[in-house]
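Right, one structure below, let's go through it.
The values are calculated or read from the model by the stated rules, or taken from the named source; none is laboratory data. Small disclaimer: the values here were computed from a predicted structure and weren't measured. Cβ: placed from backbone, ideal geometry, glycine included. Neighbour counts: every protein chain shown. Accessible surface areas use protein heavy atoms only, side chains included; no ligands, DNA or RNA. Shrake-Rupley method; radii C 1.70, N 1.55, O 1.52, S 1.80 Å.
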Amino acid sequence: MAVPEPELRLWPEHYRHLLAESGLDRDAELAGALQPEDINRTALFSLAQGLRDPELLRQQVRTDYPDAQDNRAVTARLSVLQQDLALNIIAPQTLRLFLHGKAPQPDPERIFLGALRPGEQTSPRWFLAANATPVDVCEFVSGMEAQVNAWYPVFRQSLGVSPGAYWSSVGLGLGAPFSVVWNRGEPSAVCQLAQAWLNQFECDANRFIDWIPAEFSGQSCAIPQRKGCCLKYLLPEGGYCGTCGIYRKERMATLSHQKPSSTPGQWRPGL
């Protein structure tokens, strides 16, 4: 069911109120979370080209990653590459939307896969052309849901990315503004608003992400738990992301006894 436009336009303000209730400044938090754009990245081809010819993506993975030669390894790399698309295209544009009330649409003709630089393995690969035109909240939501729904059949059927992996990665990207304040906002309020924000999109992202109030060694926080695995653990440099569903039950059962950490199996913002 379509969301009324007046309600959609209020989301940056809803978010500002959420942060203000915890003594946080929206503009400072979001501006600090946005990374400088890498304007020197060499483009290999656009996402649109990869969607039209998925073998381009498959072959690029084999070229860039010597470990990815059998089908299982190639699928794992493609799944992580799709997560990279969500975290480095969808996430920063969602941050900009909440910061400015406008952000570029995820036009696949303007999204490019960057070449690996010497020594790189896990750096961001996808980037958005700098001259993309920002749109308002209503157009961003409608455009985003149209794009992620259009990309899904290619990633699922042609590239073998699982539904849980695809949609939970999209959900993490869309939930980026809430990840920024995961351990400083009021947990229940952050989780409630984060889940409500995902509900604005007519796609399956909300089905594969649960925002859950939790506690790390006495510190209250809000964490997204995905119902699908990106397969990063299969990579030579991989490990279990803190949001991963593989050890979801065990993690949630012991969460209150753990300390915030970047070790596999514990949560860290953006993963």
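Answer with yes or no whether residue 63 is part of a helix (DSSP H, G or I), at pLDDT below 95 and buried (at least 20 other Cβ atoms within 10 Å of the Cβ). Walk me through it before giving the result.
Numbers: part of a helix (DSSP H, G or I): yes; at pLDDT below 95: yes; buried (at least 20 other Cβ atoms within 10 Å of the Cβ): no.
Answer is no for this residue.
Anything in the stretch 43-60 that is of a type outside the set (A, V, I, L, M, F, W, C) and assigned to a helix (DSSP H, G or I)? List them, or say none. It would help to see each step written out before you state the result.
Residues of the stretch 43-60 of a type outside the set (A, V, I, L, M, F, W, C): 46, 49-50, 52-55, 58-60.
Once the filter is applied, which keeps residues that are of a type outside the set (A, V, I, L, M, F, W, C) and assigned to a helix (DSSP H, G or I), the stretch 43-60 yields 49, 50, 52, 54, 55, 58, 59, 60.
Test residue 50 against the criterion of being at positive phi and in contact with a helix residue (DSSP H, G or I) (Cβ under 7 Å, 6 or more places away or on another chain), and give yes or no. No, not satisfied.
Residue-by-condition table, conditions (1) farther than 22 Å from residue 228 by Cβ; (2) under 22 Å from the mean Cα position of the chain (by Cα); (3) open to solvent by less than 30 Å² (accessible area, probe 1.4 Å); (4) free of Cβ contacts under 8 Å to residues at least 24 places away in the same chain:
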position: 48; (1), (2), (3), (4): yes, yes, yes, no
position: 51; (1), (2), (3), (4): no, yes, no, no
position: 58; (1), (2), (3), (4): no, yes, no, no
position: 68; (1), (2), (3), (4): no, no, yes, yes
position: 78; (1), (2), (3), (4): no, yes, yes, no
position: 81; (1), (2), (3), (4): no, yes, yes, no
position: 84; (1), (2), (3), (4): no, yes, yes, no
position: 87; (1), (2), (3), (4): no, yes, no, no
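For residue 56, the conditions (1) under 16 Å from residue 197 (Cβ atoms); (2) of a type outside the set (Gly, Ala, Ser); (3) at pLDDT 95 or above; (4) in contact with a helix residue (DSSP H, G or I) (Cβ under 8 Å, 6 or more places away or on another chain) are fulfilled apart from (1).
Condition check for residue 37 on (1) part of a helix (DSSP H, G or I); (2) open to solvent by 60 Å² or more (accessible area, probe 1.4 Å): one failure, at (1).
Of these, 169, 158, which one is open to solvent by 50 Å² or more (accessible area, probe 1.4 Å) and within 21 Å of residue 107 (Cβ to Cβ)?
Numbers: 169 fails: open to solvent by 50 Å² or more (accessible area, probe 1.4 Å).
That would be 158, the only listed residue that is open to solvent by 50 Å² or more (accessible area, probe 1.4 Å) and within 21 Å of residue 107 (Cβ to Cβ).
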